[in-house]
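Okay, structure first, notes after.
The values are calculated or read from the model by the stated rules, or taken from the named source; none is laboratory data. All figures in this text were calculated on a predicted structure; none of them were measured in a lab. All Cβ positions, glycine included, derive from the backbone under ideal geometry; neighbour counts span all protein chains shown.
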Amino acid sequence: MRSATSWWTSTYKDLRILPVAGILVCLGLVALFVVNRRAEPPLFAADEILIHKRAHTMDLLRAGVVLREYHIALGRGGLGPKERAGDNRVPEGSYRIVAHNDHSAFHRALRIGYPTPAQIAAAHARGTDPGGDIMIHGIRTVWAG
């Protein structure tokens, strides 16, 4: 039979190994995670933005696959298509992102290519200005106190 002293000594030596073993296990898990991690594509790699006016949502897509959906607010002019400057409506159609305003007071301000040549012609036929300088943006980044 082992003495209490020899049992304590052998157990104590085993316990000194536990912190080292724990560190090695953690390093192994981190290495496994890093090696097997699939790189997620960045959201800015979206090739299409789709607005659902009635649902007040905006989808970011790449190759037809939704990457992310956002809840959005629209202009005060209702759900109809933008027809003239100052009507506070959201344009309808396919537009390219033509600029990014880094100095905007709003988060991630993206200028869309509105109006298209067809929309300019339609507005002129109605005798109105189609408007322009339409941006997709987040909330104001500078808050008044």
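Selection of the range 91-121 for residues being surrounded by 14 or more Cβ atoms within 10 Å (Cβ to Cβ) and either touching a Lys or Arg at 6+ places or on another chain (Cβ under 6 Å) or assigned by TED's automatic domain parsing to the domain that holds D47 (or both) yields P91, F106, G113. Under the condition of being touching a His at 6+ places or on another chain (Cβ under 7 Å), in a loop (DSSP other than H, G, I, E, B) and under 21 Å from L50 (Cβ atoms), the residues counted in the range 76-134 number 2. Might you check whether a residue that is hydroxyl-bearing (S, T, Y) and in the same structural domain as I139 (by TED's automatic domain parsing) occurs anywhere in the range 53-63? The answer is no; no qualifying residue exists.
Taking the numbered list (1) over 30 Å from T128 (Cα atoms); (2) among the hydroxyl-bearing types (S, T, Y); (3) in contact with a Phe, Trp or Tyr (Cβ under 9 Å, 6 or more places away or on another chain) in turn, T57 passes all entries but (1).
Applying the criterion of being touching a Pro at 6+ places or on another chain (Cβ under 6 Å) and touching a residue at least 40 places away in the same chain (Cβ under 8 Å) to the residues of the range 96-131, the residue that is nearest to D47 (Cα to Cα) is P130.
Rundown of residues vs (1) charged (D, E, K, R); (2) at pLDDT 85 or above; (3) in contact with a strand residue (DSSP E or B) (Cβ under 9 Å, 6 or more places away or on another chain), yes/no style:
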{"position": "A4", "(1), (2), (3)": "no, no, no"}
{"position": "D14", "(1), (2), (3)": "yes, no, no"}
{"position": "L18", "(1), (2), (3)": "no, no, no"}
{"position": "V30", "(1), (2), (3)": "no, no, no"}
{"position": "V35", "(1), (2), (3)": "no, no, no"}
{"position": "A46", "(1), (2), (3)": "no, no, yes"}
{"position": "R54", "(1), (2), (3)": "yes, yes, no"}
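Find the residue count for the range 81-93, including only residues that are modelled with pLDDT of 90 or more and among the small types (G, A, S). Residues meeting the conditions: 2.
The lone criterion from (1) assigned to a strand (DSSP E or B); (2) among the acidic types (D, E); (3) over 24 Å from A46 (Cα atoms) left unmet by D59 is number (3). Residues that are more than 11 Å from G132 (Cα to Cα) and surrounded by fewer than 11 Cβ atoms within 10 Å (Cβ to Cβ) within the range 76-90 comprise just one, R76.
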